[in-house]
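Trainee: After the C-alpha cells below, expect a handful of questions from me.
A short reminder: the numbers here are calculations on the coordinates, not readings from a lab. Quick caveat, the model's predicted, so the values are computed rather than measured. In this analysis, Cβ positions are derived from the backbone assuming ideal geometry, glycine residues included, and neighbour counts consider all displayed protein chains.
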Amino acid sequence: MPPWKRLLGPAAALLLATAVGLTPTATAAPTAAVPAAAGPVTAGAAAAPAPRSGWNDWSCKPSAAHPRPVVLVHGTLGNAVDNWLGLAPYLVARGYCVYSLDYGQLPGVPFFHGLGPVDTSAGQLGAFVDRVLAATGASETDLVGHSQGGMMPRYYLKYLGGAAKVNALIGIAPSNRGTTLSGLTRLLPYFPGARELISSATPAFADQIAGSAFIEKLNEGGDTVPGVRYTVIATRYDQVVTPYRSQFLTGPDVRNVVVQDLCALDASEHVAIGLFDRIAHHEVANALDPARATTTNCASVFE
C-alpha cells in the first residue's frame with residue numbers, strides 16, 4: 001500500500017464520508033476482471049487479477065497438506081490487492097490456494113472499497129466463496145479478514161448460511177463490536193446531521209459505529225456459530241477499532257491473541273498489523289493449520 005494511504009486514520013474516514021456525500025455518483029466504480037474459468041461474475045464481488053505473487057490463481061488446486069482455499073477479506077477503504085501485498089504472498093509461499101475479492105463498492109468511488117452496507121457486503125462474500133469452492137473443488141474454505149473484513153464474515157456465517165462452507169474465521173484487528181474511532185464517534189451528536197450523512201454516504205462507517213443497529217444484530221444471541229473456529233489477532237496500539245479489546249470474541253472454539261503478548265517489540269497499529277506485521281502473519285498461519293503450529297515470537301519476523 002502506498003505510504004500516503006497509510007495516513008488514513010479515524011479523522012480521514014469521517015472526512016471521506018463527507019466528501020463522498022458531496023460527490024456526484026453517476027459513474028460506477030470499476031471492478032477487477034475475473035478469468036472466465038472462474039464462472040459468472042456476481043455484481044460487485046470481483047476478484048483481483050492474479051498478481052505475480054500467485055494469488056487469485058483460479059487453476060490452483062488445494063494440496064493434501066492444505067486442503068482448504070483461503071479467502072482474504074479486505075477492510076474498510078481497502079481493496080483486494082493493496083490490503084494483501086504482505087499476507088497473500090506469505091501464504092502462497094506456504095502452499096495455500098489464496099483468493100481475495102473486492103466488496104462494498106460505491107458508485108463513483110474507485111480503489112477505496114468496503115464502504116457499502118455491511119450486510120450487503122456479506123452477501124457478496126458468500127457469492128465469492130461459492131465461486132472459490134466451485135473452482136477448487138473444496139468443500140470448505142478458511143476466511144482471513146482485516147478490520148471490517150474480520151467482522152463482516154460473521155454476518156455471512158450467522159445469517160447467510162456461511163457456516164456450512166467455512167472451517168475457520170481469522171480476524172486481524174476486526175471491528176467485532178464496532179468502534180469509537182478513538183472517541184471521535186462520541187462527537188457526532190455535536191454535529192447535527194453528521195450521523196445521517198455518514199449513514200447515507202458511506203453505510204459501512206455507520207454500521208461499524210459502536211452501538212449501531214447492525215452491530216447489535218450481529219452480536220445478539222452470541223458471538224459464534226457451531227462448527228467454525230475463530231481467531232482474533234489484535235494490537236494494543238490500535239487507534240481505529242477502539243477499544244482494542246472490543247475486537248475479542250467469546251464462545252466455544254475461540255482464540256483471542258494480542259501481538260504484543262507474543263513479541264513485546266511489535267509496534268504495529270491498526271493498518272500495519274494487516275499489511276506487513278509478520279508476527280500477525282505467523283499467527284494466521286498457525287490458525288490455518290493448528291496441527292502444525294509453531295511458537296510465535298519476535299524471531300517469527302524472519303520466517
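Trainee: If amide hydrogens are placed 1.01 Å from N in the peptide plane, which non-local residues have theirs closer than 5 Å to the one on R229?
Mentor: Excluding prolines and chain starts, which carry no amide H, the hits are A168, L169.
Trainee: For segment 77-164, give the magnitude of the charge dipole about the Cα centre (Cβ charges: +1 Lys/Arg, -1 Asp/Glu; no others), in debye to the nearest 20.
Mentor: In total the dipole reaches around 100 debye.
Trainee: I would also like to ask the following. Taking θ as phi - 60°, what are the ³J(HN,Hα) couplings along segment 146-154 by the Karplus curve (6.51, -1.76, 1.60), each to the nearest whole Hz, with x for Gly and Pro?
Mentor: For segment 146-154, the Karplus curve yields 10, 6, 3, x, x, 9, 3, x, 5 Hz.
Trainee: Another question about this same structure. Among residues other than A135 whose Cβ falls under 12 Å from its Cβ, what is the net charge (Lys/Arg +1, Asp/Glu -1)?
Mentor: Residues near A135 contribute 0 overall.
Trainee: Under a 5 Å amide H to amide H cut-off, with H placed in plane at 1.01 Å, what residues pair with G75 once short-range neighbours are removed?
Mentor: Under 5 Å from the amide H of G75: H146, G149.
Trainee: Could you tell me which of rounded, prolate or oblate describes segment 50-90, using a ≥ b ≥ c as the square roots of the eigenvalues of the alpha-carbon gyration tensor, with rounded for a/c under 1.5 and, failing that, prolate when a/b is larger than b/c and oblate otherwise?
Mentor: Since a/c reaches 1.5 and a/b is larger than b/c, the shape of segment 50-90 is classed as prolate.
Trainee: If you put +1 on each Lys and Arg Cβ and -1 on each Asp and Glu Cβ, how big is the dipole of segment 214-260 around its Cα centre, in Debye rounded to 20?
Mentor: 180 debye
Trainee: Considering only the other residues whose Cβ falls under 12 Å of the Cβ of T224, what net charge follows from Lys and Arg at +1 and Asp and Glu at -1?
Mentor: After counting each charged neighbour, the total is +2.
Trainee: Whole-Hz Karplus ³J(HN,Hα) for segment 289-303, in order, using 6.51 cos²θ - 1.76 cosθ + 1.60 and θ = phi - 60°, x for Gly and Pro?
Mentor: 9, x, 5, 10, 5, 10, 4, 9, 8, 4, 6, 5, 5, 9, 8
Trainee: Let me ask you something else. Ratio of segment 250-295's C-alpha Rg to 2.2 N^0.38 Å, to two decimals?
Mentor: 1.20
Trainee: Next question. Using the alpha-carbon centroid of each, what span in Å lies between segment 136-161 and segment 262-303?
Mentor: 21 Å
Trainee: Turning to a different aspect of this structure: List the aspartates and glutamates whose Cα sits under 12 Å from the Cα of K217, skipping any in the same chain fewer than 8 residues away.
Mentor: Counting by Cα, and skipping residues close in sequence, K217 has these aspartates and glutamates nearby: D119, D207.
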